[in-house]
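Step one of this worksheet: look at the structure below.
The values are calculated or read from the model by the stated rules, or taken from the named source; none is laboratory data. As the structure is a computational prediction, the values presented were derived from the model and not from experiment. Using ideal geometry, Cβ is built from the backbone for each residue, glycine included, and neighbour counts are taken over all protein chains shown. Keep in mind that these areas ignore ligands, DNA and RNA; they rest on the heavy atoms of the full protein, side chains included. Shrake-Rupley method; radii C 1.70, N 1.55, O 1.52, S 1.80 Å.
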Amino acid sequence: AGKAKRLLLSRLFQPLSLPMGSEAGWEGRPGEPTCRSQRLMLQGGLIHPASPGCYCYLPPTVRAMEKLVRVMDEEMQAVGGQKLNLPSLCSAELWRASGRWDQMGPELFRLLDRHKHSYCLGPTHEEAVTELVACQSGLTYKQLPLRLYQVTRKFRDEPKPRFGLLRSREFYMKDMYTFDTSEEAARQTYEQVCDAYCSLFSRLGLPFVKVRAATGSIGGTTSHEFQLPADIGEDRLVLCPEGHFAANVETLNREQTSCPTCGEKLTETKGIEVGHTFYLGTKYSSVSNAIFISPENKPQLAEMGCYGLGVTRILAASIEVLSTEDSIRWPSLIAPYQLCFIPPKRGSKEEAEGVARLERLYDDLAEALPHLAGDSVLDDRTQLTIGKRLKDANKLGYPYVVIAGKRVCEDPPVFEVWNQNTGEVLFVTKEGVIELLSKVQVP
């Protein structure tokens, strides 16, 4: 077999503007409030501002996003989800029928086509998916539950886009819509999807809380948000210190200051909303007449739920809560690249032997652990010291960094391996490196 094609850092399109030392970094446009994730993503060449609330996602971000979507696909398919794709261009008629054309106000991006028909760019797709299911005549109770989901770009004309990908006007979302035969069945579906969300955030190692929430413009009678506690979060949450109760402040009456279960005083914190679930009942199915044939051979309205996860928001929020002031930390599962190799500096006495031995390690690793072959980068900027390149690798948050340092010329060669998430440094032979990295998971 031919050698694995090595990914060279110098060839990656990731325009870094990493700050030198402690000087102030990129602070966005003058007067624009920034937060840690926005600053780190701009400096690390992960996003580039295009217009207010719209960003170019650079290749490493797209890699992280695709991994995140693969983890979401696993969780959604585990609860019977089937993936589809609905148009971003949504007909105004559907939105008028549900009453949301007026209710959503200026948040909707609206446009007219050449025939003077009105459309909006979908911020969410309840109307579209309900209409799709309503068009399937002859749907019977045996075909339910239906759990349909998509991952698409969504659009919201935010009055004040800010904080990078945390509040933007164009973003990616995973949205699932479920159709059940009864309220009881729909509530079971609701629990299952909420559990799948908990499983997703746990796999990512994110410190989430599930809180009671208001139903807002989506509607329905039951709603929960999945929140990552963070200082710059725009939601105010109250939590029972014993974990019995958690809610968004907007759902409480003013008097409630203690936990309804144990009476402990509720503590207040801020959070970034990364997921939202709604039990909808027949709010949309009654408008589109989305029916199925019951066991008694009668037409009956489907009971619905809808479930959203902010894909780009999870990326930014996880950087927000896991990173240090100047170094990106990813959930290890979805880091754009798992591994950075650093060869010796040009002109050093280790150079000739060290480069060859590190490249051989790269190739042997790609053969032994093929799933890491495309997840490894070689930092070929050998005009820079190892220390400078290690510092950059630390800032960009590769979970593992493998260095050909002073001991690479020993027999057998010894490599230096940094585990960025634990801060451990190990000195190991080639077999040791392969053994260590065999535990790394890539979705």
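Couple of notes before you dig in:
- Solvent-accessible area, 1.4 Å probe, carbon plus sulfur percent, for the range 61-172: 50 percent
- Antiparallel %, DSSP beta bridges [both residues in the chain], to 5: 85 percent
- Residue pairs exceeding 32 angstrom between C-alpha atoms, taken from Lys345/Lys430; Lys174/Lys395; Lys406/Lys439; Lys116/Lys142; Lys270/Lys439: Lys116/Lys142; Lys270/Lys439.
- Taking each DSSP H run with n ≥ 4 as -39500 (n - 2.57) and averaging over every residue of the chain yields -8500 deg cm²/dmol at 222 nm.
- The range 337-438 shape via C-alpha gyration tensor axes, a/c threshold 1.5: rounded
- Modelled FRET efficiency - R0 45 Å, Arg110 with Ser294, Cβ distances, 0.05 increments: 0.70
- Charges were assigned to the Cβ only: +1 to each Lys and Arg, -1 to each Asp and Glu. The resulting dipole of the chain about its Cα centre is roughly 1080 debye.
- Estimated FRET transfer efficiency (Thr257, Glu158; beta-carbon r; R0 30 Å; 0.05): 0.40
- The calculated FRET efficiency for the pair Arg203 and Glu268, based on their C-beta separation and a Förster distance of 35 Å, comes to about 0.80.
- Computed from the Kirkwood radius of its Cα pairs, the Stokes-Einstein diffusion coefficient for the chain at 37 °C and 0.692 mPa s stands at 135 µm²/s.
- Three semi-axes of the equivalent ellipsoid, the range 74-122, Cα gyration tensor, whole Å, largest first: 28, 13, 9
- Rounded to the nearest whole Hz, the Karplus-based 3J(HN,Hα) values (6.51 cos²θ - 1.76 cosθ + 1.60, θ = phi - 60°) of the range 167-183 follow the sequence 9, 10, 9, 9, 7, 9, 9, 9, 10, 10, 10, 10, 10, 10, 7, 8, 4, with x at glycine and proline.
- Over the range 36-322, accessible surface divided per residue gives 43 Å², non-protein components excluded, 1.4 Å probe.
- Of the solvent-accessible surface of the range 329-434, computed with a 1.4 Å probe and all protein chains present, 54% belongs to carbon and sulfur.
- A cut-off of 5 Å between modelled amide H atoms, ignoring neighbours fewer than 5 places along the same chain, links Cys340 with Val377, Tyr400, Val401, Val402.
- Solvent exposure of the range 379-430 as accessible area per residue, Å², 1.4 Å probe: 45 Å²
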